[in-house]
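Enquirer: My structure is below; once you've seen it, I'll send some questions.
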Amino acid sequence: MNVKLLGSGLLLFAGFLACSEAPFVKMTNAKCPSYNESWVQFHYCRLKAYSRNKTSLNLNLTILEPANNIHVRIKLMKRANGYKPFLVDFYLDACAFMRKRNHPVFRIVWNLIKNVSTVNHTCPYVGLQTISDFHRVEIPLPMPSGEYLYLANWTFDGRPQFATNVYFTLVED
């Protein structure tokens, strides 16, 4: 009797895990300041609203001179009486990652944008770089509901060039 009850409970739990929905993510704002207009120019960095619950990120920038030594600092901040550091804060050599793709945290970010971007090659980067119609956000890690800020500060040859800041709301069901 207890074995049947335990088995049905495990089957119900497995069904719940298989049928439960993923967290709902909605981007609420995007800011992309360029610190050096002679090297990086943004044509646009904006969100496009398709419906009340669906927005997509469109980013279009031109790198005017070849960039061979690219580093990025990524932070994830959670809003709680102001934005506080949360879970992720690291510094990465982007050129080395594009050659080997071995950093586990940045690999999550890369898997989100690789199908909608033109940055899927190794260094040097020069010319038009885009992220178009990025709206499918599937975060493989459990995160609490709340408002978040994704900060990415990009440096070329040791000098800060631009930042990509994306604000989003995550609701865990």
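The values are calculated or read from the model by the stated rules, or taken from the named source; none is laboratory data. Predicted model, so just to flag it, every value in this text is computed and none were measured. Ideal geometry is used to build each Cβ from the backbone, glycine not excepted, and the neighbour counts take in all protein chains shown.
Enquirer: Being surrounded by fewer than 16 Cβ atoms within 10 Å (Cβ to Cβ), basic (Lys, Arg) and part of a helix (DSSP H, G or I) is the requirement here; does residue 73 meet it?
Expert: no
Enquirer: State yes or no: is residue 91 surrounded by fewer than 14 Cβ atoms within 10 Å (Cβ to Cβ) and either at pLDDT below 95 or in a strand (DSSP E or B) (or both)? If you could, list the steps in order and put the result at the bottom.
Expert: Values: surrounded by fewer than 14 Cβ atoms within 10 Å (Cβ to Cβ): yes; either at pLDDT below 95 or in a strand (DSSP E or B) (or both): yes.
The answer is yes for residue 91.
Enquirer: What number goes with the only condition from (1) over 23 Å from residue 96 (Cβ atoms); (2) over 11 Å from the mean Cα position of the chain (by Cα); (3) of a type in the set (Phe, Trp, Tyr) that residue 134 does not pass?
Expert: (2)
Enquirer: Can you find a residue that is within 25 Å of residue 172 (Cα to Cα), touching a residue at least 24 places away in the same chain (Cβ under 8 Å) and surrounded by fewer than 12 Cβ atoms within 10 Å (Cβ to Cβ) anywhere in segment 55-62?
Expert: no
Enquirer: Among residues belonging to segment 22-32 that are surrounded by fewer than 14 Cβ atoms within 10 Å (Cβ to Cβ) and in contact with a Phe, Trp or Tyr (Cβ under 7 Å, 6 or more places away or on another chain), point out the one that is nearest to residue 63 (Cα to Cα).
Expert: Only one residue tops the list, namely 29.
Enquirer: Could you give me the residue pairs with C-beta distances under 9 Å whose first residue belongs to segment 144-173 and is closer than 18 Å to residue 106 by Cβ, whose second residue is of a type in the set (Asp, Glu) and in a strand (DSSP E or B) wherever it lies, and which are 6+ apart or on separate chains?
Expert: If the second residue must be of a type in the set (Asp, Glu) and in a strand (DSSP E or B), the pairs left are 156/65; 168/147.
Enquirer: Just a yes or no: is a residue in segment 146-164 in a helix (DSSP H, G or I) and under 29 Å from residue 37 (Cβ atoms)?
Expert: As a first pass, look at segment 146-164 and keep what is in a helix (DSSP H, G or I): none.
There is no residue in segment 146-164 that is in a helix (DSSP H, G or I) and under 29 Å from residue 37 (Cβ atoms).
Enquirer: Can you say whether residue 125 is farther than 19 Å from residue 169 by Cα and free of Cβ contacts under 8 Å to residues at least 24 places away in the same chain, as far as the supplied structure shows? Lay out the reasoning, then the answer.
Expert: Values: farther than 19 Å from residue 169 by Cα: yes; free of Cβ contacts under 8 Å to residues at least 24 places away in the same chain: no.
Considered against the rule, which asks whether it is farther than 19 Å from residue 169 by Cα and free of Cβ contacts under 8 Å to residues at least 24 places away in the same chain, residue 125 comes out as no.
Enquirer: Which one of 102, 111, 36, 60 is of a type outside the set (A, V, I, L, M, F, W, C), out of contact with any helix residue (DSSP H, G or I) (no Cβ under 9 Å at 6 or more places or on another chain) and more than 19 Å from residue 161 (Cα to Cα)? Break it down into steps so the answer makes sense when it comes.
Expert: Values: 102 fails: out of contact with any helix residue (DSSP H, G or I) (no Cβ under 9 Å at 6 or more places or on another chain); 36 fails: more than 19 Å from residue 161 (Cα to Cα); 60 fails: more than 19 Å from residue 161 (Cα to Cα).
That would be 111, the only listed residue that is of a type outside the set (A, V, I, L, M, F, W, C), out of contact with any helix residue (DSSP H, G or I) (no Cβ under 9 Å at 6 or more places or on another chain) and more than 19 Å from residue 161 (Cα to Cα).
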